[in-house]
Amino acid sequence: MPDNLPPAFIGYPRLPGHQLLSLQGADAAVFAHAQFSSDVTTLPLLHWQWSAWLSAKGRTLAVFQLLKLADDHVMLVLADGDADAIASQLQRFVFRRKVKLQVHADLVTAGAFTAPEAASGAAIAQCGEAGWELDLGSDALPRTLRIGPVEGFAAGSDAEESAFALAWRQADLRYGLPRLEESQRETWTPQQLGLDRLNGYSVKKGCYPGQEIVARTHFLGKAKRAVQLLHTAAPAQAGDGVEQDGAALGSIASVAGELALAVLPLETSDAGLQVDGVAAQRMPLLDGLAR
């Protein structure tokens, strides 16, 4: 079983897989509100929330942090990258909205397994002229995310960055935050991915892509599956099947080393699980990452 504590990384290593996408202009917040699953118009300035972009069929294309940095500036922190493709697809819906999309090559994200110096919960703290600090943990597993100019964070070796990125991804999974590889995009509903645990979607706001399906599933109580954290005896792959007593039970949505998030029925027996014929043990999810 993995240790409860992450490795003792020093400083703020870069998170190389993370990418940043800004929506700027008078209609930035209104545009984001109409496209994404969270209630952007009620989000206070210098606060952030979990959000998602869904297909018209209510399947999750991307999960991200949505930051309201100013009345005319919304930023997406895309832990799973693909910012250029998402910006290109969003551009098709801009029409006459006063909003400009920009993928940031001038900014990077970095993290630390320590409590923030100034940020707290959903409140964002300013760090210098062009940087921000976010609280991405809880007392059970404190984490700080910082965004700033490239020159503000020293790059480590490939091995160091890879080790830190894996530890960060494992912490995400322990909190129940799905990390979606390309093969798992447009596969799962927000409910199946447990985005309700993160307050990652609204069933009360107006229309957005997939909203009807999300609301119907919520109000009719049709969600039959949700994510479960597993510790696998051997590394699994996203898309691998999960079996119980030789019968198919569900499949893996996210992986990080020996940890995996599997989408499984809400009601199952306590019998053992197997992934690709190898034993997998259930683990409790951490609370405290909802924003």
Anisotropy class of region 192-291 from Cα gyration tensor, a/c 1.5 cut: prolate
Å² of accessible area per residue within region 181-284, as computed with a 1.4 Å probe and no ligands counted: 49
Of all accessible heavy-atom area on region 96-149, the percent that carbon and sulfur account for (1.4 Å): 48
Where region 57-138 is the region considered: accessible area per residue in Å², 1.4 Å probe: 46
Summed residue charge, Cβ within 15 Å of G81's Cβ, Lys/Arg positive, Asp/Glu negative: -3
Residue-averaged [θ]222 nm for the chain, counting only DSSP H segments that reach four residues, each worth -39500 (n - 2.57): -4500 deg cm²/dmol
Ranked order, D82, D276 - accessible area, probe 1.4 Å, largest first: D276, D82
Neighbour net charge for P265 - beta-carbon separation under 15 angstrom, K R +1, D E -1: 0
Gyration tensor verdict on the chain (Cα atoms; rounded if a/c is under 1.5, prolate if a/b is larger than b/c, oblate otherwise): oblate
FRET E, pair D84, A154, Förster distance 25 Å, beta-carbon r, rounded to 0.05: 0.45
Amide proton proximity set for A253, modelled H, under 5 Å, gap of 5+: G239, L261, A262, V263
GNM top mover of Q281, Q170, Q24 - the chain, alpha-carbon springs below 10 Å: Q281
Net charge contributed by nearby residues that have their C-beta within less than 10 Å of F153 (K/R +1, D/E -1): +1
Accessible surface of region 248-291, 1.4 Å probe, proportion on carbon and sulfur as whole %: 50
Top of R59, R146, R216 by mean-square fluctuation, Gaussian network on the chain, Cα under 10 Å: R216
Overall form of region 1-103 per C-alpha gyration tensor (a/c, 1.5; a/b vs b/c): prolate
Theoretical FRET efficiency, 1/(1+(r/R0)^6), r = Cβ-Cβ of A233 and S162, R0 25 Å, to 0.05: 0.65
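The values are calculated or read from the model by the stated rules, or taken from the named source; none is laboratory data. Here the structure is a predicted model, which is why all the values come from computation and not from measurement. Here Cβ is always computed from backbone atoms with ideal geometry, including for glycine, and neighbour counts include all displayed protein chains. All accessible areas refer to the heavy atoms of the entire protein, side chains included, with ligands and DNA or RNA removed. Shrake-Rupley method; radii C 1.70, N 1.55, O 1.52, S 1.80 Å.
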